[in-house]
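The block underneath contains the structure these notes are about, expressed in structure tokens.
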Amino acid sequence: MFRSKENKARRMKYILMGLLCLLPFRVWTQERGDTIAGKTHRIAGVDVTSVHETNKVSTTAPVQIIGSEQMLKLGMLNMSDALKNMAGITVRDYGGAGGMKTVSVRGIGARHTAVTYDGIALSDCQTGEIDLSRYSLNDVRQLSLTIGDGDNIFQPARNIAAAATLDIQIRNEGDDHPDDAPPYSLAARLTMGSWGLTNPSFYYGQRIGKRFSLSAIGEYTYAENDYPFTLKNISLITRERRTNSRMSAGHGEINARWTIHPQHLLTGKIYYYDNKHQLPGIVHYYTHDNDETLHERNAFAQIHYQGQLSHQWQLMANGKFNWAESKYHNGQFTGSITDTRYLQNESYGSLAALYQPHPSWSFAYAADYIFNKFHNQAAALSGPNRHGFLQALSAKYTLPRLSVIVRGLASVYVDHSAGRKQSSNTHRLSPSVSASYQLFRNHDVFVRLMWKDVFRMPTFNELYYYHIGTNDLKPEKSQQWNLGITWKSRQYRYWQATATLDGYINRVTDKLVAIPFNMFVWRMMNLAKAKTTGIDATVQFRWNIAKAHAIEMTSNYSLQKAENRSNPNSEYYKNQIAYTPEHTWSASMGWENPWVNISLSAHGMSERWTTNEHADGTRMGGFTELNVNLWRSIRWNRTLITLRGSILNLFDKQYDIVAHYPMPGRSWRLTAEVNL
């Protein structure tokens, strides 16, 4: 099926488009940091700081980093824009401001991707996925994606229990402040956009003495999201508008940072999120009315301690309590799920130690405990709850040109569900090995190799969800292989470039595939085996043309063959997994100048199927979207004013990422920001 000459020609076209994206482009790296933890430690008595300074060219596993400065220069407006500039990521987007957004890395699935917020994992025991539309880029200092295990062995066991980790680092008042800077920082922003988008936000930070600082972040987003789209029914073409899409969301957090001693750091965070929004329904030929609403609330408090006990020992401790509530209403149907309330609580604690007996050797041990409790009012399900015990032992050996990391993760999960059969308890050992070698002594050319065995427990929805879940599901197991080569040029007077090329194979057994029934209910399918073979390529370039003139370019291309390998005798054998494109690409270019800075960005993907069977009518066409941004920063005394205007989807391309959920067409956004 689908092996005609036309499809082969289309596939060659996508490959060529991806290769054209691999123009020279900008590097977002710093000099090589701490070879133990992948962090920078300002040593004047050993000041411990959590600022990552990873050199992603020399890492033993693929790492991609985007800083706040690059987000501005390359026109990244939201989390989805930033993620589309990372190779190997497939974003599942329901469209519009606040539309649910999840990511899958290298075809393994969104539930295998961990998301950490200032180094501590976010969680959703109900679905296993983190909706990234909740997190804006306004006060994000850095985004980093690690596929497999990164070079930092000094971290909680939970952070290495996933196939990939997306880390969100928030701006902190204690970061990189010169001594003569004012003791406070204030930023206020207002974004206005098409279809009623209004997004005010602020940041306030206050340093109290030399060792203590506080910061507060507030944000509100309102959008009607009633954007137009074209509906085609054979020869009948009509112009429609999205309905039931209004959202009203707010987020606030308070952060505290206390340098107890130059060698001991304590940080804390209190976070709250509230979103009351309508759920747009699937677009049908004759109606797309819907009467579903969802009210989500989430609050958590977390604390982090890191200290240097001696020249050889460091200690880290983390604690977190998370509460989440979802109220779902469906006024359109009867006899099914109409009104229900979901509650989930999590208590989490972690303790880790790092030991470095020799400059070339380091060892780390981490022990984590996780307790999850879930309540589903519709199913009258009290519980279930889950105890998780994770222990990780890591060793790292480093020489000037060689790094080798070996890890072992022991996981034990114990489930309990009153009144119904519970899933089997699970224990498993998950090893991993990664290495990086510099080919030439005086040139940054590295080869890297990584293998990781990882698994994930079925979520509470998959196990216990009313009429959908089944408690007979097995954990989804995955093995990852990666072989890559990386290069970074020297820092020349006018330019610098970086390039990476990674080939990989992922094998998944007992794979669970989620097919959406609507935005809140999913149909779970279990495949015995799946195999993904692919290539991730990135190129980055910066060219200082003249004084006050510079061009930055960044692009990536991913090829992923994610195939159903369950039954060799089936006609669907080797079919591409549902919602996984074979080709994805992105490219961004920014021109900095004394007048108005300009950036262009484009991203796209090839055709996909909404089912694993590739039945007639389930093919979704490929697309490419182009965005244009203009911005200018003006400094007046100590005040920095930044104005930005954006046109998204310049050519008004209509496409779907999730079937029957049309994405927005051409739109505009204006942002004004004042920093004191």
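Quick check: is even one residue across the range 251-271 among the basic types (Lys, Arg), modelled with pLDDT of 95 or more and within 24 Å of the chain's Cα centre (by Cα)? Checking the range 251-271: at least one residue is among the basic types (Lys, Arg), modelled with pLDDT of 95 or more and within 24 Å of the chain's Cα centre (by Cα).
Reported count of residues in the range 96-107, each being touching a residue at least 60 places away in the same chain (Cβ under 8 Å) and under 9 Å from the mean Cα position of the chain (by Cα), is 2.
Of everything in the range 211-239 that is of a type in the set (Val, Ile, Thr) and part of a strand (DSSP E or B), the residue that is nearest to Gly196 (Cα to Cα) is Thr221. Only residues that are at pLDDT 95 or above and farther than 15 Å from Val628 by Cβ were counted across the range 644-674, and they come to 3. State yes or no: is Asn637 out of contact with any Ser or Thr (no Cβ under 7 Å at 6 or more places or on another chain), touching a residue at least 24 places away in the same chain (Cβ under 8 Å) and farther than 26 Å from Arg92 by Cα? No.
When Arg189, Arg106 are checked against the criterion of being surrounded by fewer than 22 Cβ atoms within 10 Å (Cβ to Cβ), more than 22 Å from Val406 (Cα to Cα) and not acidic (Asp, Glu), a single residue qualifies: Arg189. Looking at Ala157, Ala114, Ala110, just one residue is over 16 Å from the mean Cα position of the chain (by Cα), closer than 22 Å to Ile370 by Cβ and of a type in the set (A, V, I, L, M, F, W, C), and that residue is Ala157.
Evaluating Ala418 against the criteria (1) at pLDDT 95 or above; (2) open to solvent by 30 Å² or more (accessible area, probe 1.4 Å) leaves one unmet condition, (1). Tell me, yes or no, whether the range 275-283 has at least one residue that is of a type in the set (Val, Ile, Thr) and assigned to a strand (DSSP E or B). Taking every residue of the range 275-283 in turn, none turns out to be of a type in the set (Val, Ile, Thr) and assigned to a strand (DSSP E or B).
Let's see how each residue does on (1) among the hydrophobic types (A, V, I, L, M, F, W, C); (2) open to solvent by 20 Å² or more (accessible area, probe 1.4 Å); (3) under 25 Å from Gly252 (Cα atoms):
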{"site": "Val115", "(1), (2), (3)": "yes, no, yes"}
{"site": "Ile120", "(1), (2), (3)": "yes, no, yes"}
{"site": "Gln126", "(1), (2), (3)": "no, no, yes"}
{"site": "Ile130", "(1), (2), (3)": "yes, yes, yes"}
{"site": "Ala164", "(1), (2), (3)": "yes, no, no"}
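Thr243: at pLDDT below 95, within 24 Å of Pro664 (Cα to Cα) and buried (at least 16 other Cβ atoms within 10 Å of the Cβ), yes or no? When the stated conditions are applied, Thr243 passes them. For the range 240-252, a residue qualifies if it is part of a strand (DSSP E or B) and either under 15 Å from Thr293 (Cβ atoms) or touching a residue at least 40 places away in the same chain (Cβ under 8 Å) (or both), and the qualifying residues are Glu240, Met247, Ser248, Ala249, His251.
If we keep just the residues of the range 119-147 that are closer than 19 Å to Gln302 by Cα and in a loop (DSSP other than H, G, I, E, B), which is modelled with the lowest pLDDT? Per the criteria, the residue is Cys125. Kindly provide the set of residues from the range 388-400 that are modelled with pLDDT of 95 or more and either open to solvent by 10 Å² or more (accessible area, probe 1.4 Å) or in a loop (DSSP other than H, G, I, E, B) (or both), ordered by number. Once the filter is applied, which keeps residues that are modelled with pLDDT of 95 or more and either open to solvent by 10 Å² or more (accessible area, probe 1.4 Å) or in a loop (DSSP other than H, G, I, E, B) (or both), the range 388-400 yields Phe389, Gln391, Leu393, Ala395, Tyr397, Thr398, Leu399.
Only one residue in Tyr204, Tyr227 is more than 27 Å from Ala366 (Cβ to Cβ) and in contact (Cβ under 8 Å) with a residue 40 or more places away in the chain, so which one is that? Exactly one residue qualifies, and that residue is Tyr227. Quick one: Leu279 ticks every box in (1) at pLDDT below 85; (2) open to solvent by 10 Å² or more (accessible area, probe 1.4 Å); (3) under 17 Å from Asn244 (Cα atoms) except a single one, so which number is it? Leu279 satisfies all of (1) at pLDDT below 85; (2) open to solvent by 10 Å² or more (accessible area, probe 1.4 Å); (3) under 17 Å from Asn244 (Cα atoms) except (2). For the range 305-316, a residue qualifies if it is under 19 Å from Ser347 (Cα atoms) and open to solvent by less than 30 Å² (accessible area, probe 1.4 Å), and exactly one does: Met316.
The values are calculated or read from the model by the stated rules, or taken from the named source; none is laboratory data. Note that this is a predicted model, so its numbers are computed, not measured. All Cβ positions, even for glycine, are placed from backbone atoms using ideal geometry, and neighbour counts span all protein chains on display. When the accessible area is computed, the model is the full protein with side chains, heavy atoms only, and any ligands, DNA or RNA have been set aside. Shrake-Rupley method; radii C 1.70, N 1.55, O 1.52, S 1.80 Å.
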